[in-house]
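Below: one structure, written as structure tokens.
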Amino acid sequence: MGVGILVEDLNAWYGSTHTLRDINLHIPANHATALIGPSGCGKSTFVRCLNRMHETNPIARATGVVKMGEVDIYRDASPVEIRRRVGMVFQRPNPFPTMSIYDNVVSGLKLNGFRNRRILDETCERSLKQAALWEEVKDDLKKKSGASLSGGQQQRMCIARALAVDPEVLLMDEPASALDPVSTSKIEDLVFQLKSQYTIVIVTHNMQQAARVAENTGFFLNGRLVEFDSTHKIFTNPHDKRTEDYITGRFG
Amino acid sequence: MTTEREPGSPVSMRDRMLELQPNIEGKGGVAEVGGPLSPIRAYLSQRGSGRVGDKTFAGVVLVCACSIFAIVLFILTILVFRSRLSLLQFGWRFFTRQAWNPVSGNFGALPFIYGTLATSLLALVIAVPLALGVAIFLTELCPRVLRAPISFLTELLAAIPSVVYGLWGIFVLVPLIRDVVGPFLVKTFGWTGLFVGPNFGVGILTASIILSIMILPIISSLTRDIMQAVPNSQREGVLALGATKWEMIRIGVLRNSRIGIVGAVMLGLGRALGETMAVTMVIGNQPAIAKSLFAPGYTLASVIANEFSEATGDLYLSALIEIGLALFLVTIVVNAIARLMVWAVTRGAPARVG
Amino acid sequence: MSARPFNSQSMNIQPKPARFNAARRAATNYFVSGLSILATLVVLAPLAAILFYLIYKGASSLNLAFFTQVPAPVGETGGGMANSIIGSGIILLLASLMGVPIGIAAGVYLAEFGRSSLLGNAVRFTADVLNGVPSIVMGIAVYSLVVVEQKHFSALAGGIALAIMMVPTITRTTEEMLATVPLAVREAALGLGVPKWRTTLSVSLRTASPGIITGCMLAFARVAGETAPLLFTAFGNQFWSFKLNEPIAALPLQIYVYAISPYDEWHRLAWAGSLVLIVLIMVSVTLVRIYASRGVLKGGS
């Protein structure tokens, strides 16, 4: 089961550049929320603030409140603890090049000291089935390296890797943008199936994708959250003119 | 649209959710805390934040990094400490006096300074044009297929140990200088006055030749790196004006890499100043200052290598250690200037080691 | 216009001085090209000469006795350099045990914590400068500290001298190799909630390990041939020695002693020993080259 995220007055900077301004948002549990907007509008930065990956950059800074359930992730917990509860899938697949498929998928557990072989095996199978990759790789789990798969398979393996630690939230930063259309549709199907078990936030450039998989959509522009509403409303009758301009393709 | 929150009122997550985005889907189904704990979630939630591990790790690697400073400080301190006898006795004049008499306790380092400078500078005179030639050949003229093998071969030269160069020097180069090259030089260049006196094969000339072979790889490979760092736009610009290949190299590449090449040459100088074994084996080991290149000589490094284990008496040992201290300081200064120059051209990319 | 064929020779488009200038420039071009080719040949000649002489003078002395026996007394034929080979092995093992961990850790610091900090730059610069300090200076420094305090020469002192020569080299190559690990791979580990120290050890170092091993082998090959730092630390030994607290033979050291001696028999051994030393070093350097090209492909993105 997933957990809801509450964001209050979130501001973020890279050095002296103010990249996110006064974001206020509630992301409901067990639903998929899409974030759309033109390049550089801050949606990736926002998502990285949700699992404190924003901080890995030494000149990055964030203020405000982000609550996962009742936990203030900036004040009540360490970044490492938060990232174990929030999974992340990146824009480009990033498997660990020296590890096999099996080791890649369970790396979140193994690198955190988990040793029980039986549970690791079960987790690997479960996650790969959730990511719809099990049938394709089940015979080569320990023989093939994670980097030897095709782009679409690698990304699904990265999704399996994120799911293996049983997170409550899954963040996806344009997960299909580097992939071919067939892989893209496979990943969209995945998101559709997974959203009942996890809270999913998916950043996308592709409005049709947002419309297909997400119940709610937020529109970012120049570091601000312009509008956040049900997907149906955003795409048929947006409240703000800027949203309407973006949807109809007048810019971006 | 987002609504304004009344300032000062405590609010639960559920209430906040109802205020914000009243029309979104799913507001009724929020879980305040995460679902039932699976064994994995249970395990991970009781794992620590890793803060202790991070701090320990950072501390350990910091200590190891500072060990580099410690090594330099250690060498400096111990050399100064153990040479204090000689420092106090002779002061600065140690480096201007010519005597080297262990029996009477009269020590002066001038002959060794002369030997070191003469061999190093002569080695540079021989090595730099050759190294430049090789660098130009490999970067601009060499067919692509031959580039890797030939550069590999020049780097093999750097892998040959000093003592093997010395061995080859004693049994191959010395007879060559004595019997073939020496008479030739006397015949053609005798008028310069540099080739007078008896020629036993060992001496400044032989040592310089061996040194030049040894410092050539480092000058050439660094020069190659620097030349390759010059952007292609420079080359193309000069070629577009109708220059020949050599003119393109001269104007487009060499002119831009002047500072870096000087730095590479200085690194070669630094290496030549400190080279010990091969020089000791072919220089004749006599503390004399003579104009002739056939004369035997002595360098700062060689005198230490030769006489250290037989040094009786504290003053003798202290004088030798002071020579080591001088060598240490000089090579540090030369290398520091050289690295700065190379860094200025390659902009801090990790320097080639060796 | 006439019906003559149109070519540059009959056109005479350039005035005479310009044509001479062009010819001169072309000649200079060929001349300089020739000089650079000549320079390359002159440079490769000593390499060929040294290798030739090593094989010519040394190969005939390489028999089983060479690799299994200690030196025979002066004047007698036979004997070998087995104790020097083993002795070198022991000293190099000691040096690696001390130098490799410190060097890699310092390299990790530079890559993970000291990318652009003042301390990081100072360490980087000092390491590069330390690489240029003459090895004999290292030798007399270690002598002054270790040998004088212990009142005897030892394999340990020799190992320390070689270790402080290995550290700067390994530090810089480790830093270089860690920098090739893509940010995306690190972020993948961090995103899973793996602490930074574990990420560096189990992900970054593991990904860069082919290159790091290469760097260590390079440093190893470089100090394997060093004589000067061992002159006053390990000192050399005519007999078998396995104790770390006694003087110990080393291959380059023994070659030096034999080379400057007046005995032909010992000269013969010096050539053979040099051949063995060169083969070992060149094998390491070649392995490094092969491994490095594979490592970059394997460890990078």
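Structure summary
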{"quantity": "The stretch C:149-221-the stretch B:197-261 distance, computed between alpha-carbon centres (Å)", "calculated": "33"}
{"quantity": "At least 27 Å along the helix axis (C-alpha) and Kyte average at least -1.0, DSSP helices within chain B", "calculated": "B:51-82, B:110-136, B:204-229, B:314-346"}
{"quantity": "Choice from C:MET98, C:MET282, C:MET217 showing the highest fluctuation, given a GNM over chain C with Cα pairs closer than 10 Å", "calculated": "C:MET282"}
{"quantity": "Taking B:ILE170, A:ILE119, C:ILE104 and counting other C-beta atoms within 10 Å, the order from fewest to most", "calculated": "A:ILE119, B:ILE170, C:ILE104"}
{"quantity": "Subset of A:LYS144/A:LYS186; A:LYS142/C:LYS196; A:LYS143/B:LYS55; B:LYS187/B:LYS291; A:LYS142/B:LYS55; C:LYS57/C:LYS243 violating a 29 Å alpha-carbon distance limit", "calculated": "A:LYS143/B:LYS55; A:LYS142/B:LYS55; C:LYS57/C:LYS243"}
{"quantity": "Scattering curve values for the stretch A:1-141, log₁₀ I(q)/I(0), Debye with Cα scatterers, q = 0.13, 0.20, 0.22 Å⁻¹", "calculated": "-0.72, -1.27, -1.38"}
{"quantity": "Partner aspartates and glutamates for B:LYS245 [C-alpha distance under 17 Å; skip if fewer than 8 residues away on the same chain]", "calculated": "B:GLU140, B:GLU236"}
{"quantity": "Along each principal axis, Cα extent of the stretch B:114-204, largest first, Å", "calculated": "48, 30, 27"}
{"quantity": "Convex hull of the stretch C:80-299 built on C-alpha atoms - directionally averaged projected area, nm²", "calculated": "13.5"}
{"quantity": "For chain B: relative contact order, % (alpha-carbon pairs under 8 angstrom, 6 or more apart)", "calculated": "23"}
{"quantity": "Diffusion coefficient, µm² s⁻¹, Stokes-Einstein with Kirkwood Rh over alpha-carbon pairs of the stretch A:96-252 at 25 °C and 0.890 mPa s", "calculated": "144"}
{"quantity": "Estimated [θ] at 222 nm from DSSP helical runs (n ≥ 4, -39500 (n - 2.57)) normalised by residues in chain B, nearest 500", "calculated": "-19500 deg cm²/dmol"}
{"quantity": "Helix runs (DSSP H) in chain A reaching 18 Å along axis by Cα, Kyte-Doolittle at least -0.5", "calculated": "A:151-164, A:181-194"}
{"quantity": "Centroid-to-centroid separation of the stretch C:99-140 and the stretch A:1-75 [C-alpha atoms, Å]", "calculated": "40"}
{"quantity": "Straight-distance crosslink candidates among aspartates and glutamates, where the alpha carbon sits under 18 Å from A:LYS195 and sequence neighbours closer than 8 are dropped", "calculated": "A:ASP166, A:GLU168, A:ASP173, A:GLU174, A:GLU215, A:ASP229, B:GLU25, B:GLU32"}
{"quantity": "Taking C:HIS267, A:HIS239, A:HIS31 and counting other C-beta atoms within 10 Å, the order from fewest to most", "calculated": "A:HIS239, C:HIS267, A:HIS31"}
{"quantity": "Among B:LEU205, B:LEU241, B:LEU267: highest mean-square fluctuation, GNM of chain B, C-alpha pairs under 10 Å", "calculated": "B:LEU241"}
{"quantity": "Top of B:GLY263, B:GLY48, B:GLY313 by mean-square fluctuation, Gaussian network on chain B, Cα under 10 Å", "calculated": "B:GLY48"}
{"quantity": "Under 5 Å, built H, 5+ apart or other chain: amide partners of A:VAL226", "calculated": "A:PHE219, A:PHE220, A:LEU221"}
{"quantity": "Under-5 Å amide H pairs with A:ALA60, H placed in peptide plane, nonlocal only", "calculated": "A:GLY15"}
{"quantity": "From phi via Karplus (6.51, -1.76, 1.60), per-residue ³J(HN,Hα) for the stretch C:279-290 in Hz, x at Gly/Pro", "calculated": "4, 4, 5, 5, 4, 4, 5, 5, 4, 4, 4, 5"}
{"quantity": "Eligible lysines near A:LYS233 by straight Cα distance, threshold 18 Å, same-chain separation 8 or greater", "calculated": "A:LYS241, B:LYS27"}
{"quantity": "FRET efficiency estimate (nearest 0.05) - Cβ-Cβ, C:ALA72 to B:ARG93, R0 51 angstrom", "calculated": "0.55"}
{"quantity": "Fewest-first sequence of C:GLU112, A:GLU215 by Cβ atoms within 10 Å of each Cβ", "calculated": "A:GLU215, C:GLU112"}
{"quantity": "Computed [θ] at 222 nm, helices only, for chain A once each DSSP H run of length n ≥ 4 contributes -39500 (n - 2.57)", "calculated": "-9500 deg cm²/dmol"}
{"quantity": "Amide H partners (placed H, <5 Å) of B:GLN286, local residues excluded", "calculated": "B:GLY297, B:TYR298"}
{"quantity": "Distance-filtered residues of the stretch B:320-347 - backbone nitrogen under 18 Å, label point 7 angstrom along C:ASN121 Cα→Cβ", "calculated": "B:336-347"}
{"quantity": "Where the Cα pairs of the protein assembly as shown fall when distances are cut into 20 Å bins, in %", "calculated": "13, 34, 27, 20, 6, 0"}
{"quantity": "Percent of C-alpha pairs per 10 Å bin, chain B, short to long", "calculated": "5, 17, 21, 19, 12, 7, 7, 6, 5, 3, 0"}
{"quantity": "Cα Rg over Rh - the stretch B:272-354, Kirkwood", "calculated": "1.10"}
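Values quoted throughout were computed directly from the atomic coordinates according to the rules given, and no laboratory measurement underlies them. Bear in mind that the values here come from a model prediction, so they are computed numbers and not experimental data. Neighbour counts run over all protein chains shown; Cβ positions are idealised from the backbone, glycine included.
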